[in-house]
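What follows is a set of notes on a single structure, which appears directly below.
The values are calculated or read from the model by the stated rules, or taken from the named source; none is laboratory data. Worth saying up front: this structure is predicted, and the values here are computed from it rather than measured. Glycine gets a Cβ as well: all are built from the backbone with ideal geometry, and neighbour counts include every protein chain shown. For accessibility, only protein heavy atoms count, side chains too; no ligands or nucleic acids. Shrake-Rupley method; radii C 1.70, N 1.55, O 1.52, S 1.80 Å.
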Amino acid sequence: AATWPLHFVDFEVAKNAIPHHRGMSPYGQLAFQWSCHTLRAPGGALEHREWLNTDRVWPNVAFARSLREAVGEEGTILTWSAFERTTLVTVADELTRFAVDDPGLGAWLLRVTGTKEVPGARLLDLHDLCRRYYFHPRMGGRTSIKVVLDALWAASPRMRARFAELEGREGDPSLGPYAALPPATINGTPVEVAEGTGAIRAYEAMVYGLERNDELARTTWSQLLRQYCRLDTLAMVLIWEHWMASG
């Protein structure tokens, strides 16, 4: 069962064939971004925090430390897959491999993810709940967060009103929130970040690519990444609130 406060969390992670940092293996993970929406009590104000690495450094320890600061020791951490748990387990393993002297961080990661030796994980996979217990005809048998959000968005004026309340802009019933993410232009080329692969490409362009020294381009990529990851966790909040209201 979920316990308050509720932390709705999403990660963005890149895995490159060619390592970008010393000590990394091929396809080692770069945990470069997280977003978190928190509800501290039923009917309470929704809080948003986020972290994005924008420098050419190995980000994983800073990623985990900033997340620990955001979600602390209390409440359930809700995700839309097992991916976030896998990412944190990998970061915990990396603390030893990269000789990071932070036993408190390692212990916190174990408390969050849980092991056979350390029970009581704080993570709750909403995708697993959806797959097991929820059906909507507009989903067409699919359970990705974008499909579920769009299905409920089209059918629920209450959800669209809640979105407008939180985001300060109206939602078009015929166009889901992901499709409505505003694009941008970088060096004369229209660009957007509206799914995970696009987020990885944006991060690579911003930190390692030809635009890494172009401050305007880096700022634009950062804005696109932040609005996309923020929507992923807001989507979880909207779906969760819809489920609770439908009871």
* To do: Answer yes or no as to whether A179 is within 18 Å of the chain's Cα centre (by Cα), at pLDDT below 95 and over 24 Å from A2 (Cα atoms).
  => yes
* **Output for segment 74-99, where each listed residue is in a loop (DSSP other than H, G, I, E, B) and buried (at least 17 other Cβ atoms within 10 Å of the Cβ)** => G75, W80
* Subset of segment 229-247 [open to solvent by less than 10 Å² (accessible area, probe 1.4 Å) and hydroxyl-bearing (S, T, Y)] -> T233
* Tell me which residues, restricted to segment 204-223, are more than 28 Å from G168 (Cβ to Cβ) and part of a helix (DSSP H, G or I). => E204, A205, V207
* Asked: Do we have R226 as open to solvent by 20 Å² or more (accessible area, probe 1.4 Å), in contact with a strand residue (DSSP E or B) (Cβ under 9 Å, 6 or more places away or on another chain), touching a residue at least 40 places away in the same chain (Cβ under 8 Å) and in a helix (DSSP H, G or I) here?
  -> yes
* To do: For segment 1-10, enumerate the residues that are of a type outside the set (D, E, K, R) and open to solvent by 10 Å² or more (accessible area, probe 1.4 Å).
  => A1, A2, T3, W4, P5
* Scan R160, R201 and give me the residue that is surrounded by 15 or more Cβ atoms within 10 Å (Cβ to Cβ) and over 22 Å from I18 (Cβ atoms). => R160
* Asked: Scanning segment 100-109 for residues that are closer than 12 Å to R68 by Cβ and either in a helix (DSSP H, G or I) or among the aromatic types (F, W, Y) (or both), which turns out nearest to the chain's Cα centre (by Cα)?
  -> L109
* T38: of a type in the set (V, I, T), touching a helix residue (DSSP H, G or I) at 6+ places or on another chain (Cβ under 9 Å) and either more than 21 Å from E167 (Cβ to Cβ) or at pLDDT 95 or above (or both), yes or no? -> yes
* Asked: What is the residue count in segment 29-73 for residues that are part of a helix (DSSP H, G or I) and either on the phi > 0 side of the Ramachandran plot or buried (at least 20 other Cβ atoms within 10 Å of the Cβ) (or both)?
  -> 5
* Which ones in segment 101-144 are touching a residue at least 60 places away in the same chain (Cβ under 8 Å), of a type in the set (A, V, I, L, M, F, W, C) and open to solvent by 20 Å² or more (accessible area, probe 1.4 Å)? -> L124
